[in-house]
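Contents: one structure, followed by commentary.
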Amino acid sequence: MNLDEFRSWAHRAADWSADYLNSIRSKPVRAQVQPGDIARQLPDAPPEQAEPMNAIFRDFEDVIMPGMTHWQHPRNFSYFPANSSPPSVIAEYLTATMAAQCMLWQTSPAATELETKVLDWLRQMLDLPDDFRGVIQDSASSATLCAVLTARERALDWQGNKQGLSKLATLRVYCSQHVHSSIDKAIWIAGIGQENLVKIPVNDALEMDTDLLEKAISDDLAAGFLPALVIACIGGTSVGASDRLTDVCKVAKRHNLYVHVDAAWAGSAMICPEFRSLMDGVEEADSFVFNPHKWLLTNFDCSAHFVRNPTDLVKTLAIQPSYLKTKGHEGIINYSEWSVPLGRRFRALKLWFVIRSYGVEALRTFIRSHCQWARELGARIEQDENFELVTQPYLSLLTFRYAPKGTGDLDDLNENLLEAINNDGRLYFTQTHHNGDYVIRFQIGQTYTTEQDVSDAWEIIREIAAGLEVRRE
Ligand SMILES: *Cc1c(COP(=O)(O)O)cnc(C)c1O
């Protein structure tokens, strides 16, 4: 493809993108295909000869698009949001065009310095402590892995990377039962082992029971283990469970443990002062992660990882063979020393475009609206005698189930309801279990969602539920 053709296809892609977003409401939210439907239409072997761009683009529209689930659909209420927005897409396009590797300061000084600057903007937006320093990771999973590795090395007096873990003390890590699976995975990868991840029960408010945390740490010390880290959660994935950071940090600090806070989804809401109290106590934590790629209009990947002491992180992850040394620059930041992969995309650019093009006040309004609509929806569900609001709105997430009077198996009924809703195509939801019951999660956070979409969604749910066959006891 020569550059004239590139210009013309890039224009075509821009037109396609605007048309796509304009017509997205008419598409089924979840792809309505069966396993293998797309693969069957794709050749088994790569083409030996060049194919015309026209043919590639046509297949993109005809073969690929029917197999896409539309995450930017305004009635996508599934999982957590994965926001994109026009300024973010434009910056991403520029990033891909330059395709700079941003691993060291000198491999693109602007990328490093912009990253430092916009992460500090985010720090101010969330009212995090002045001494927190930020880095962009590809995902919250990676940020948590970095935190686990740092805590591991700190507890082992920096001997883990050197000697391996087999002859060293057995580490223990603590978290509530409500943390995301990425915590377990980080513990596996860090060589600590699932059996050494101690899941502390929660109280009625779904907060980690800190008396039980204290007891678990004391018991482990008595048994000869080495407690290293507590991972606290703000806005858990299932129903929004959150720990009381002040209490968690108090116990952890008494035993000199590292505290990492996973606020992957809920962190974005902390730009609103009225929600900030949900993370009171974060001042005492050692690291904190949240995903602008979830609920802050910045397309994946962009995970903001803040640490109180970058030296510990760098001591854990920096490795400097001679081919990566930069002569004559002391005190510069090489962000690859703050993360697991060496190569790094220029992710700060899209964050900069987003924050500047919306302004913080509009971003607050965006989050506030979603939380407000969730509260209103919660009230409507509570008033409906055929439905139960199972968990109250936490920010913009609630769970509910269909429970018409005298029904037998509610789990079965709600599983059928969810399947019917997602097959219908106008809406998309996902499920979870709460206290053993199958419930449907309703989270509001998509870039293009309106109040009307939320209202319509509730009417459509009622309509589909009314059409289901209900087995009476
Ligand atoms: C989404 C989520 C994660 C995982 O985020 P990735 O960026 O996909 O790794 C971790 N923790 C919580 C609470 C989440 O909601």
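Per-structure values
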read-out: Net charge dipole size for the range 236-278 [Lys, Arg +1 and Asp, Glu -1 on Cβ; Debye, nearest 20]; value: 220 debye
read-out: P(r), alpha carbons of the range 198-244 - 10 Å bins starting at zero, rounded %; value: 25, 49, 22, 3
read-out: Alpha-carbon gyration tensor eigenvalues x 5, square-rooted, for the range 91-231, Å; value: 34, 20, 14
read-out: Centre separation in Å (Cα based) which lies between the range 455-470 and the range 164-183; value: 43 Å
read-out: Sequence-separation-based contact order of the chain, relative, with Cα cut under 8 Å and 6+ spacing, percent; value: 22 percent
read-out: Expected 222 nm ellipticity per residue - DSSP helices of 4 or more, -39500 (n - 2.57), all of the chain, to 500; value: -12500 deg cm²/dmol
read-out: Neighbour-count order for 71, 16, fewest beta carbons within 10 angstrom listed first; value: 16, 71
read-out: Cα centroid of the range 306-320 to Cα centroid of the range 86-144, whole Å; value: 17 Å
read-out: Cleavage-rule hits, trypsin sites (Lys or Arg not before Pro), the range 310-418, DSSP coil, Cβ neighbours within 10 Å at most 16; value: 325, 327, 405
read-out: Average Cα contact separation per residue, the range 324-423, under 8 Å, 6 or more apart, as relative contact order %; value: 14 percent
read-out: The range 1-128, relative contact order [Cα under 8 Å, separation at least 6], %; value: 22 percent
read-out: For the range 16-84 and the range 216-261, distance of Cα centres in Å; value: 43 Å
read-out: Calculated diffusion of the chain, Stokes-Einstein form, Kirkwood radius summed over Cα pairs, 10 °C and 1.306 mPa s, µm²/s; value: 65 µm²/s
read-out: Beta bridge orientation in the chain: antiparallel %, DSSP, nearest 5; value: 60 percent
read-out: Calculated FRET efficiency for the pair residue 462/residue 131, C-beta based, R₀ 51 Å, to 0.05; value: 0.50
read-out: Residues 303, 357, 85 arranged by fewest to most Cβ contacts within 10 Å; value: 357, 85, 303
read-out: ³J(HN,Hα) computed for each position of the range 335-343 - Karplus, 6.51 cos²θ - 1.76 cosθ + 1.60, integer Hz, glycine/proline x; value: 5, 5, 7, 9, 8, 6, x, 7, x
read-out: More than 21 Å apart - percent of Cα-Cα pairs taken over the range 58-122; value: 51 percent
read-out: Footprinting exposure proxy for 260, 73 (fewest neighbouring C-beta atoms within 10 Å first); value: 73, 260
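Read-outs: derived from the displayed coordinates by stated rules, not from any lab. Quantities reported herein were computed from a predicted structural model and do not represent experimental measurements. In this analysis, Cβ positions are derived from the backbone assuming ideal geometry, glycine residues included, and neighbour counts consider all displayed protein chains.
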